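I have placed the structure first, in the form of structure tokens, so that the comments after it can refer back to it.
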Amino acid sequence: MKDYKVITNNKVSKGHYYAQSFSLSDKSSDVVTGLKKINASLNVDSYKFWVDEPFYNYLLGDFK
């Protein structure tokens, strides 16, 4: 897909609640490890998906 980049959503859930932590795909395992250090009983499901280039750049720290 032209002009789209692949990132990872690390969906954290516990009971009826969930939060989504988007990350660069190559950093996903670090994010999951960090979340599990906070609470080992959390469920973290990671999956890849496409985003536009500005959002990808935001994850890189480029806010232009």
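The values are calculated or read from the model by the stated rules, or taken from the named source; none is laboratory data. None of these values were measured; they are calculated from a predicted model. Quick reminder, even Gly has a Cβ in these numbers, built from the backbone with ideal geometry, and neighbours come from all protein chains shown. Quick note on the areas: whole protein, heavy atoms, side chains included, nothing else; ligands and nucleic acids left out. Shrake-Rupley method; radii C 1.70, N 1.55, O 1.52, S 1.80 Å.
What to note about this one:
- Between Asn10, Phe49, Gly61, the Cα set farthest toward the positive side of the dipole of the chain (charges on each charged residue's Cβ, about the Cα centre) is that of Asn10.
- Whole-number percent relative contact order across the chain, with pairs defined as alpha carbons under 8 Å at least 6 apart: 43
- Computed log₁₀ I(q)/I(0) - Debye formula, equal Cα scatterers, no solvent, the chain, q 0.12, 0.16 Å⁻¹: -0.33, -0.55
- Carbon-plus-sulfur accessible fraction, the chain (probe radius 1.4 Å, protein heavy atoms only): 54%.
- Computed [θ] at 222 nm, deg cm²/dmol, the chain (DSSP H ≥ 4; -39,500 (n - 2.57); rounded to nearest 500): -8500 deg cm²/dmol
- Taking the Cα centre of the chain as origin and assigning +1 to Lys and Arg Cβ atoms and -1 to Asp and Glu Cβ atoms, the resulting dipole is close to 240 debye.
- For Lys5, the aspartates and glutamates whose Cα comes closer than 14 Å to its Cα, not counting residues fewer than 8 places off in the same chain, are Asp26, Asp52, Glu53.
- Stretch gain in nm, segment Leu59-Tyr18, where the contour uses 0.36 nm per residue and the Cα spacing is subtracted: 12.7 nm
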